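**Q** Handing you this structure, nothing more for now.
The values are calculated or read from the model by the stated rules, or taken from the named source; none is laboratory data. Only a predicted model underlies this, so the values are computations on that prediction, with no experimental measurement involved. So basically every Cβ, Gly included, is an ideal-geometry build from the backbone, and we count neighbours across all protein chains shown.
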Amino acid sequence: MDAVLEVWQSFFRELSGPNGLTRLFLMLFPYFLLFELPFNVMVFLGALRWFVRKRSMVQLNNTHYQPRVSCIITCYSEGLDVQKTILSLCEQTYPGHIEIIPVVDGAAVNQVTMDAVRDFHLDPHIYPRRHLRPIAKWQRGGRVSSLNAGLAQSSGEIVMALDGDTSFDNNMVSAMVRHFADPDVPAVAGSLRVRNAWASVTAAVQALEYLISIHFAKIGLAEWNVVNNVSGAFGAFRRSFLEVVGGWDTHTAEDLDLTLRIKSYARRRNLRIPFEPEAIGHTDVPATLRQFLMQRLRWDGDLFFLYIRKHKHSITPGLLGWPNFLAALVSGLFFQLVLPFIILTYTIMAVALLPWTTLILIFMLTYGLYLLITVAMFLGMLVMTSERPRQDIKLAILLPLFPLFMMMVRLWSVVAILNEALRRGHEESSMAPWWVLKKATRF
């Protein structure tokens, strides 16, 4: 109690001196927030625009546009969970034909998943216009290899890339496909929710992160046509466009890689990538802190590989157009690769140079501002974009923890970036065997 009183006495002494308020503000303010606030405001305004537009717009269902849809499911070690994915696709309300293509990678040693696919029986009387066409890849080649194998064997005008451990709401295909009636749409991003949200505190915080950083943020970004990524676990593509850009490319983070290649396709400048919040996928996230950190080690390292090595020459206004170029600079290069080092440097300098009473004040100010932003984004998501508000409001209990979680994520990003920069960590990814990654073109 005495220590807390001493902190506040120090605070008021600073305020009472000449120019004390100005000096204290300049000394303590975490300036990196000045970069994040405009981005968050843009997201919030985009979501508000979407909300107003949706409430005032009459929904028109194009019953004449019912293209054949091919759903490529990449499978490796999902086991019986892959049957949930297949069943959720069979039960879609979409009236057109759906081709379900589970591709079992490394089937020779992945017998449990292979048996789960083989044992699934699709009754054509119960599920008309649904076609199950499994592919067994006996030699493991990785996720990209599975996607391209599925693409080669598919026949749908619309191709979906889906994870074997992700299930879907039954209106997902209908919600995604309607965007492709516009010929200027090469791809559509779907929304992901966490299926095992209450398995642990780690999983629950990720569920909150998915709602704010994926669901709400992408709604806002899509309003300005600057969606930054079509998720690898859940995305839809126009087949003709996939063939033009060459399908999926070897290496890692194939979802962001394909999104950047679509955006840099220079022959048509009026392309747009919508985000469909009504198309919901449910996936499992790491339930332990160690599993989570290892996942983010790969994810954040992949960002460095793609932005700095593989696509360093294609991130230009000439190829992407100014809106997407600025979005890539801000949300990709700066927020993901530069800001973590700024936060780390700020933290180290504060700890090294400032007395502990001032450090507490810095922590309180920074935490309070991030908590305020988090609460505003959460309430915006709950009121404007959530289709399950009664379920989502339960996550409000985690709001006080979320700024600390994001601080940890940012600092861990530094480790992931250095791991990729110094050790080429993407070549140690479990998404593909080492001989595939080693033989791929080095950047």
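**Q** Report the residue count in the stretch 109-125 for those that are surrounded by fewer than 11 Cβ atoms within 10 Å (Cβ to Cβ) and among the acidic types (Asp, Glu).
**A** Count: 2.
**Q** Tell me, please, whether a residue that is touching an Asp or Glu at 6+ places or on another chain (Cβ under 7 Å), crowded, with 17+ Cβ neighbours inside 10 Å and part of a strand (DSSP E or B) can be found in the stretch 132-151.
**A** Yes: one or more hits.
**Q** Report, by residue number, each residue of the stretch 184-239 that is charged (D, E, K, R) and within 20 Å of residue 144 (Cβ to Cβ).
**A** 238, 239 - these are the residues of the stretch 184-239 that are charged (D, E, K, R) and within 20 Å of residue 144 (Cβ to Cβ).
**Q** Please find, within the stretch 211-243, the residue that is surrounded by the most Cβ atoms within 10 Å (Cβ to Cβ) out of those that are under 14 Å from residue 283 (Cα atoms) and aliphatic (A, V, I, L, M).
**A** So, considering only residues that are under 14 Å from residue 283 (Cα atoms) and aliphatic (A, V, I, L, M), the one surrounded by the most Cβ atoms within 10 Å (Cβ to Cβ) is 211.
**Q** Considering the stretch 296-345 alone, what residues qualify as being outside any loop (DSSP other than H, G, I, E, B), surrounded by 15 or more Cβ atoms within 10 Å (Cβ to Cβ) and of a type in the set (S, T, N, Q)?
**A** The answer is 324, 331, 336.
**Q** Still on this model: Quick test for you: out of 352, 376, pick the one residue that is at pLDDT below 85, among the aliphatic types (A, V, I, L, M), out of contact with any Gly (no Cβ under 9 Å at 6 or more places or on another chain) and assigned to a helix (DSSP H, G or I).
**A** 352 is the lone residue from the list that is at pLDDT below 85, among the aliphatic types (A, V, I, L, M), out of contact with any Gly (no Cβ under 9 Å at 6 or more places or on another chain) and assigned to a helix (DSSP H, G or I).
**Q** While we're here: Would you call residue 189 surrounded by fewer than 22 Cβ atoms within 10 Å (Cβ to Cβ), of a type in the set (A, V, I, L, M, F, W, C) and assigned to a strand (DSSP E or B)?
**A** Answer is no for this residue.
**Q** What are the residue pairs meeting all of these: first residue in the stretch 187-203, first residue among the β-branched types (Val, Ile, Thr), second residue surrounded by 23 or more Cβ atoms within 10 Å (Cβ to Cβ) and in a strand (DSSP E or B), Cβ atoms under 6 Å, and 6 or more apart or on different chains?
**A** Partner pairs satisfying both residue conditions: 188/236.
**Q** Further, regarding this structure: In the stretch 356-373, which residues are surrounded by fewer than 18 Cβ atoms within 10 Å (Cβ to Cβ), in contact (Cβ under 8 Å) with a residue 60 or more places away in the chain and out of contact with any Ser or Thr (no Cβ under 8 Å at 6 or more places or on another chain)?
**A** Within the stretch 356-373, 365, 369 qualify.
**Q** Out of curiosity, is residue 208 surrounded by 21 or more Cβ atoms within 10 Å (Cβ to Cβ) and not in a helix (DSSP H, G or I)?
**A** no
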